[in-house]
Amino acid sequence: MNQHSRVVVTGIGVVTSIGIGVEPFWRNVLAGQSGIGPVESFDTGRYAVHVGGEVKSFAPGEFVRTLPVDSIARASQLAIAAARLALADAGLGPDGLDPAAAGVVFGTTSGEPVMIEHFNDLELSGARERLGSEFIDQYPCHVLAAHVASELGFRGPNLVIPTACAAGNYAIAHALDTLRFDEAEVMLAGGSDAFSRITYTGFARLGAIAPERVQPFDKNRKGMIPGEGAGVLVLEPLTRAQARGARIYAEVAGYGLTCDAHHMTAPQGDGAARAMQIAMADAGVAPHEVGYISAHGTGTAVNDKIETAAVKQAFGEVAYRVPVSSIKSMLGHTMGAASAIEAAACALAVRDDRLPPTINFETPDPDCDLDYVPNAARSQTVHVAMNNAYAFGGNNASVIFRKFQS
Amino acid sequence: VTVQGRSVVVTGAGLICGLGDRAAAVHEALCGGATALAPSTIVAADIAQGHHVAEIRDFNPRAYLGARNVAPLDRTGRLAAAGVELALADSGWTLESRKQRPVGIALGTMFCSVKTISEFDRRAQSAGPEYASPMDFSNTVLNAAAGQVAIWHQLRGVNTTVAAGAISGLHALGYAADLIRRGRADVIVAGGAEEVCFESFHGFRRAGLLAAPDHGAPGCAVPFHAKRSGIALGEAAAFVVLEAEEIASARGARTIGRVDGFATGYDPRQEVARADGPNVLTEVIRRALRAAGADGSDLGAVVSSASGSPGLDAREAAGIKCGLGAAAPVTAVKSMLGDTLGASGALQAIVALESLRTGRLPGITGLDDPDPRIDLPLVPPGARPIDAPRVLVTAVAREGNACALVIARS
């Protein structure tokens, strides 16, 4: 195996506010269904905003079988659910893989925030000494991948890359290299984040949360809305996938990672454009071959404007002919899970030649003048899809998916 | 087995830890049997309850970072920025040269910005969400330190925070070396940062993982000691500059070592593994040696991650024994530097580099009564000479993560 060997997506698992499992998720994405609703996991009485993208119908006990379900916190439960769904979707049972050659890499923004919230609740109520081992057992963010591997018995490479809201793409990029260089035969690559009062408080204090809905690229967009969820891709070398007759969604063709080194929270644009260019060069595709861009598209005034400019910088005049959409218009911003879930949408778009819409798009913005696939899904051939994700810390990550042709 | 890809060299190292901020001096102190473990000045006495920690006393970020405003960085961010400054200065990658060629960062950490996260949340919960600080919020993301370091030092390449528990720092080196070897990047600052704070300390104490308070039980926090009972926490920032050998040669850089091989794995059933049999570390060591094109015969030492944890030390010893035999002396640094968690593997790597450079391997301070069940050539307190071209660095975490890195002298 070497850097020329090809890696493909053979399974998808998603746990989202608009569907658990690839089939309902994709149906609802194409239908433009919103998963935004009143926040239920904590009291928003003291906040100016009250909506979020929580996954309200999730029953962790349906998925967590090996580990005691209450021995792990919510982001791990979401991660395990997405991992099990992805493996089932890939047709990989315990007999279908070598545990020593199966690895797990996850991205996340907050890890298990509920555990530090628990720590603080004890501290603030004068019950400091009631803390047990649960904080060390369940809080540090690397437990996401560790719990998935413990649940599944996987002994291969195991890592969490907590690069905030670009983390899912970082995880997929790492899995791609891990497979290309023969360090594993199967990689679960994804992202997971649980709804968190800490994240919600922070974005509320930045004035970044929209009051009702997310309107990426719309002139009257009012911000992002925090969400939660998990997405996992099963990645395998093409030769292995073909040998076992696996269904192939798409090929993972390349990636690019950069840092703005400019500001912790404000994007700068040049780094995003560089990431897109590096990814295209890595995949060996030209701008005109890209048939769909899954935007970071948070719905904040700054992000959508800067991102539009970055796409133009990377694509030149071609930018006006490439459809760009944001499924955050439906899910809100699922943080470290976002780019993993959006990667699933890219793989599905490439397989089906269907483009997810940007919903809630009403008024064009002169600063955002690309084709955002407004409000309705579109049927259009997609040979190559680019998944863009940006993050606090100035992180930029672009991953490219290509229609599989043997 | 042929080694794949480009050769990866080390061109700089920087560390700040309980025994100082110069690699050569810290190594010398380790060889002299020094320890930084002492009563805490960070954790309040009623919380510390007599447990010793290895702190960076009187840390002054301005000594490393100059007069620029460090207020946007929390303590972990400042430690990381200072450690990276030392590594970059040692390597000759000036600000001007970093503008010409993107330099990346791979930062290992276990608790990331837990102190900032916790204080942000406690303020919101006690005073109300409208009193939480937006500036602090940008430091609540788990990659805050890497992001702040990138801004501070203008690092525009890959920016990866590596989280694998207590093996994070060593994993970050392997992650970065692999990216360079595969042509994904030319230059990456790689290492780890971890601070001592109330949140992590209290968590470890309540989990029963800390050694007995030091004044009561000699040997309790000493790696591989017969009376070891747990870990003692420490804090550190430790970074190396890794780059493609062709890049280093072209700019006439001094090289201080080479990263020859790396492997990582996970043990999903660590709690039921036989204490003396092969485990995930065994497999990982074999794969790292294979990646390095080595068979273990030219290893001068193993710098292990042993910490005083009864179970973990036994597991690491068994992994080394089954993966390597007893061919090379095995040492550990955590009775001197504390368990610096996400930084510890990078610290071990720098100790390995210094040992190769000086030909002196530090022993395990306090190891006056080795555990008879540990069947390895452990290095007693003091120092011993080594004369071999490579050192193996190992790391294991209680969750089951394990990795190994082969470092060579230049």
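Every number in this text was worked out from the coordinates using simple rules, so none of it is lab data. Being a predicted model, the structure only gives us computed values, none of them experimental. Every residue, glycine as well, gets a Cβ built from its backbone with ideal geometry; the counts of neighbours run over all protein chains shown.
Laid out as a table, the results:
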| item | result |
| --- | --- |
| Shielding by partners - mean other protein chain Cβ count within 10 Å, residues of B:108-115 | 3 |
| Local net charge near residue A:185, Cβ-Cβ under 15 Å (Lys/Arg +1, Asp/Glu -1) | -1 |
| Sites residue A:129 and residue B:101 - FRET efficiency at Förster radius 56 Å, r taken between beta-carbons, to 0.05 | 0.60 |
| Cleavage-rule hits (trypsin sites (Lys or Arg not before Pro)) in the stretch A:54-118: DSSP loop, at most 16 neighbouring Cβ within 10 angstrom | A:56, A:65 |
| P(r) of chain A over all Cα-Cα pairs, binned every 20 Å from zero, in whole percent | 31, 59, 10, 0 |
| Pair residue A:71, residue B:358: separation of 7 Å Cα→Cβ label points (nm) | 4.4 nm |
| DSSP H segments from chain A that extend 18 Å or more along their own axis, Cα-based, with Kyte-Doolittle mean of -1.0 or above | A:74-89, A:167-180, A:270-283, A:301-315, A:338-352 |
| Peptide A:389-397, shielding by other chains (average Cβ, 10 Å cutoff) | 6 |
| The stretch A:218-254: trypsin sites (Lys or Arg not before Pro) in DSSP coil with no more than 15 other Cβ atoms inside 10 Å | A:219, A:244, A:247 |
| Per-residue Cβ neighbour rank within 10 angstrom, fewest leading, A:228, B:130, A:236 | B:130, A:236, A:228 |
| Proxy reagent accessibility, fewest Cβ within 10 Å first, across A:115, B:336 | A:115, B:336 |
| Percent antiparallel among DSSP beta bridges (both partners in chain A, rounded to 5) | 70 percent |
| Cα-projected label distance for residue B:290 with residue B:127, points at 7 Å along beta-carbon direction, nm | 5.6 nm |
| Radius 9 Å from Cβ of residue A:367, net charge of other residues (Lys, Arg +1; Asp, Glu -1) | -1 |
| Local electrostatic count at residue B:334 - Lys and Arg +1, Asp and Glu -1, tallied over other residues with Cβ under 11 Å | -1 |
| The stretch A:207-330, relative contact order in percent, only Cα pairs under 8 angstrom and at least six apart counted | 30 percent |
| Charge dipole (debye, nearest 20) of chain B; +1 at Cβ of Lys and Arg, -1 at Cβ of Asp and Glu | 760 debye |
| Likely footprinting exposure, B:335, A:125, B:168, fewest C-beta neighbours within 10 Å first | A:125, B:335, B:168 |
| Per-residue mean of C-beta atoms belonging to partner chains within 10 Å, peptide A:276-283 | 1 |
| Alpha-carbon centroid distance for the pair the stretch B:8-57 / the stretch A:4-25, whole angstrom | 46 Å |
| Positive-end residue of A:280, A:220, B:49, charge dipole of the protein assembly as shown with Cβ unit charges | A:280 |
| Selection of GluC sites (Glu not before Pro), the stretch A:15-113, meeting DSSP coil and at most 14 other Cβ within 10 Å | A:40 |
| Karplus (6.51, -1.76, 1.60) ³J(HN,Hα), θ = phi - 60°, over the stretch A:43-58, in Hz, Gly and Pro reported as x | 7, 9, x, 8, 9, 7, 10, 9, 10, x, x, 7, 8, 8, 10, 8 |
